[in-house]
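Down below is the structure, laid out as structure tokens.
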Amino acid sequence: MALNPADTALWPAPYATGAVDATVQVPGSKSVTNRALVLAALASEPGWLRRPLRSRDTLLMAAALREMGVGIEEGVGPDGTGESWRVLPAGLRGPATVHVGNAGTVMRFLPPVAALADGEIRFDGDPRSYERPLNGVIDALRVLGARIDDDGRGALPLTVHGGGALDGGPVEIDASSSSQFVSALLLSGPRFNQGVEVRHVGSTLPSLPHIRMTVDMLRAVGAQVDTPESGGEPNVWRVTPGALLGRDLTIEPDLSNAQPFLAAALVTGGKVVVPDWPSRTTQPGDRLREIFTEMGGSCELTEYGLVFTGSGAIHGIDVDLGEVGELTPGIAAVAALADSPSTLRGVSHLRLHETDRLAALTKEINELGGDVTETADGLHIRPRRLHGGIFHTYEDHRMATAGAIIGLAVEGVQIENVATTGKTLPDFPGLWTGMLGA
Ligand SMILES: O=C(O)C1=C[C@@H](OP(=O)(O)O)[C@@H](O)[C@H](O)C1
Ligand SMILES: C=C(OP(=O)(O)O)C(=O)O
């Protein structure tokens, strides 16, 4: 999936001439879709995913599983919608090549699956995927009995020599650079001969809601999981070996991708409704209800969805985003337009995301006239009057949506490569202009 030259084109971010008032149907969650695909592929019977996200990250996940022998069919489910995938698990096998793009979920969740396959599975991806940490998964899989060839950097590219089964058992990892190391081992854990016991021995552990999402989804397909929250030791997760059920799962809207639309209500003093906002969820984006309320909005969660209203005022915030790191770019964009300074903390691991997000946000907001400084673990943002200019995105979907938020309030912002939003949000420009009534 090489970039095509049009991807580097500039997209004039729409400037809002008034308050937005829109209902935005946000596509399915990347994190839920990619976990559901893995769990369905490892199950002992077929399953359904309804309203799955079809974006670059999830299509790469589906393509990789198909490469390893899993059937994933387009389907019309019992609810009559055509928006379904039917997953038919099969004996996982190589030889196969998996292209991970720059999807953290694909590069981390699939090596354990490949270790269960019969044959050689080669992993490759975008240039940035070579720089993103994978050592936690590679080292752990070796301890658990897998044979992996890599170039010694603990990163892509690599080859997993699947032996058809894996011993499993106890393993220690340092997941301070990505919670996805823990999720990856837990997701395949029920299929390891001895299950798995993952002990995080590093300093901080980011993105805990995403680990809870993994645990919840494992339990929903019949796995037995012991966690620190269920009375176990701190930082230890245990998965018992056993068969997984095929389920019929409707994917929730992606609440992190709802962020730019809620931000639009905040920035323009308008109103945005997101239908089907779940009343209970492990998605980190649910924290936006609290964070964006503190920044000046108000929200009401109804049976229909979330109604979010801006007041016309935008306030700065001092907040630890360690649990919800993927919300940082959108919060930084709103903070740059606020009436007081902000401090975003607990997100040093963002330097190893799609791009170095702390450096990228600092540079791009400052080039529009802002005053952002990087700290050891986050950003200080002092709002200043911004001007138009090019907002570079570094092939990072959340940089592009952050730039679009600023563009609502600042005339003349041009987003480089807005197509990069396709990593998790198909047709972002269409949804954005639709929201603005264009
Ligand atoms: O498991 C997941 O689905 C994710 C976990 C988080 O990763 P990190 O823990 O690496 O930040 C998050 O930032 C990413 O967008 C999705
Ligand atoms: C960090 C992110 O993605 P990934 O799953 O590639 O880690 C993200 O979506 O913000």
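The values are calculated or read from the model by the stated rules, or taken from the named source; none is laboratory data. All values derive from a computational prediction rather than experimental measurement. Every residue, glycine among them, receives a Cβ derived from its backbone with ideal geometry; neighbour counts consider all protein chains shown.
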- How many residues does segment 379-398 hold that are within 16 Å of ligand 2 (Cβ to nearest atom) and not aliphatic (A, V, I, L, M)? 6
- Task: Quick one: in segment 176-188, of everything that is without any contact (Cβ under 8 Å) to a residue 60 or more places away in the chain and within 25 Å of ARG122 (Cβ to Cβ), which residue is farthest from ligand 1 (Cβ to nearest atom)?
- Result: LEU186
- Note on the structure: Conditions (1) under 23 Å from GLY269 (Cβ atoms); (2) within 16 Å of ligand 2 (Cβ to nearest atom) -> SER342 fails only (2)
- Note on the structure: GLU120 meets each of (1) farther than 17 Å from ALA41 by Cα; (2) of a type outside the set (Val, Ile, Thr); (3) within 15 Å of the chain's Cα centre (by Cα) with one exception, condition (3)
- Query: For segment 212-239, how many residues meet the condition of being surrounded by fewer than 18 Cβ atoms within 10 Å (Cβ to Cβ), free of Cβ contacts under 8 Å to residues at least 60 places away in the same chain and assigned to a helix (DSSP H, G or I)?
  - Reply: 5
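Table: residues versus (1) aliphatic (A, V, I, L, M); (2) touching a Ser or Thr at 6+ places or on another chain (Cβ under 6 Å); (3) buried (at least 22 other Cβ atoms within 10 Å of the Cβ).
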residue: VAL100; (1), (2), (3): yes, yes, yes
residue: GLY104; (1), (2), (3): no, no, yes
residue: ARG122; (1), (2), (3): no, yes, no
residue: GLY145; (1), (2), (3): no, no, no
residue: ASP149; (1), (2), (3): no, yes, no
residue: THR159; (1), (2), (3): no, no, no
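For every residue, the table says whether it meets (1) among the basic types (Lys, Arg); (2) touching a Lys or Arg at 6+ places or on another chain (Cβ under 7 Å); (3) surrounded by fewer than 22 Cβ atoms within 10 Å (Cβ to Cβ); (4) within 20 Å of VAL38 (Cα to Cα).
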site	(1), (2), (3), (4)
LEU245	no, no, yes, yes
PRO253	no, no, no, yes
PRO260	no, no, no, no
ALA264	no, no, no, no
- Message: Need pairs with beta-carbon distance below 6 Å; first residue more than 22 Å from GLY296 (Cβ to Cβ) and among the aliphatic types (A, V, I, L, M) and within segment 338-358, second near ligand 2 (Cβ under 9 Å from one of its atoms) and part of a loop (DSSP other than H, G, I, E, B); sequence gap 6+ or separate chains.
- Response: LEU352/ARG132
- Would you mind stating whether PRO209 is within 13 Å of ligand 1 (Cβ to nearest atom), part of a helix (DSSP H, G or I) and touching a helix residue (DSSP H, G or I) at 6+ places or on another chain (Cβ under 7 Å)? yes
- Message: Let me confirm something: among ALA376, ALA335, ALA313, which residue is more than 15 Å from ligand 2 (Cβ to nearest atom) and buried (at least 24 other Cβ atoms within 10 Å of the Cβ)?
- Response: ALA335
- Query: Which helices (runs of 4 or more DSSP H) does segment 255-342 wholly contain that include 1 or more residues that are hydroxyl-bearing (Ser, Thr, Tyr) and within 16 Å of ligand 1 (Cβ to nearest atom)?
  - Reply: 328-335
- Query: Does ASP396 count as within 16 Å of ligand 1 (Cβ to nearest atom) and either hydrophobic (A, V, I, L, M, F, W, C) or modelled with pLDDT of 95 or more (or both)?
  - Reply: yes
- Message: For the condition in the same structural domain as PRO95 (by TED's automatic domain parsing), free of Cβ contacts under 8 Å to residues at least 60 places away in the same chain and surrounded by fewer than 24 Cβ atoms within 10 Å (Cβ to Cβ), what is the one hit in ALA43, ALA62?
- Response: ALA62
- Grab the strands (runs of 3 or more DSSP E) fully contained in segment 28-91, keeping just those with 3 or more residues being hydrophobic (A, V, I, L, M, F, W, C). 84-88
- Query: Which one of VAL113, VAL137 is β-branched (Val, Ile, Thr), under 23 Å from LEU186 (Cβ atoms) and out of contact with any Lys or Arg (no Cβ under 8 Å at 6 or more places or on another chain)?
  - Reply: VAL113
- Unique match (being at pLDDT 95 or above and more than 17 Å from GLY285 (Cα to Cα)) among THR328, THR355: THR355
- Task: Could you look through segment 293-306, keep only residues that are modelled with pLDDT of 95 or more and touching a Ser or Thr at 6+ places or on another chain (Cβ under 9 Å), and pick out the one that is surrounded by the fewest Cβ atoms within 10 Å (Cβ to Cβ)?
- Result: GLU300
- Note on the structure: Of those in segment 176-206 that are within 20 Å of MET61 (Cβ to Cβ) and in a loop (DSSP other than H, G, I, E, B), the residue farthest from ligand 2 (Cβ to nearest atom) is SER179
- Task: Would you confirm whether any residue within segment 121-137 is over 30 Å from TYR394 (Cα atoms), free of Cβ contacts under 8 Å to residues at least 60 places away in the same chain and more than 16 Å from ligand 2 (Cβ to nearest atom)?
- Result: no
